[in-house]
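Peer 1: Dumping the structure here so I can ask a few things about it.
Every number in this text was worked out from the coordinates using simple rules, so none of it is lab data. Keep in mind it's a predicted model, so treat the numbers as computed, not measured. We place every Cβ from the backbone using ideal geometry, glycine too, and count neighbours over all the protein chains shown.
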Amino acid sequence: MHIIGMDTGLIFGWLISIPMLILVLAMMQKIVVEPMQEAVKIRGHKVQSRLMEAAKIAADARALEAKYRSQFSTLPQETAELKDATDREIERNKVRLTSQAEADAAHELAKAGRESDKYRVDVLAEIQHRTTALAITKVEALLTRTLDAQAQGEMAEQFVGKVAQLRAS
């Protein structure tokens, strides 16, 4: 049968196809498009959040760079001040150590002088003791020979012999 010059089967096919197409489009909208739009919106928020984080990190990096640049700008001056302070400390220690070394040397020299004087006195005392002992020994020997009668006779004969020699000459 024909209605408005079209076949009823074709009209029926169209009548079924159009609601089915609308139903499929509505289901696609609900099942695919809306979740996809929601996912895109969530992804957009994540991207926006990450972009804000990146901008904050970049701002922090710029602030840190400015801070380090300002710190590094004073580095040559601080280095020079530290070098000057170190040089002054080295000079002060050099003077102190030189002074201490001179004082120690003077002390050791005085100590050596005192020890030398003590040893000189001890050596002189020892020489005097030995000389005295030797003199006493010689005097004892001389006295012993002098008091010995035979030795006196021999000495007298020697004396007379020398006197005779002197007269003869």
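Peer 1: Can you find a residue that is part of a helix (DSSP H, G or I) and β-branched (Val, Ile, Thr) anywhere in region 63-78? Before the answer, list the steps.
Peer 2: Quick first cut of region 63-78, residues part of a helix (DSSP H, G or I) only: 63-73, 75-78.
Pick out the ones that are also β-branched (Val, Ile, Thr) and you get none.
Within region 63-78 (the criterion being part of a helix (DSSP H, G or I) and β-branched (Val, Ile, Thr)), the answer is no, since none of the residues qualifies.
Peer 1: Let me ask something else about it. In region 66-88, what residues are surrounded by fewer than 10 Cβ atoms within 10 Å (Cβ to Cβ) and aliphatic (A, V, I, L, M)?
Peer 2: LEU75
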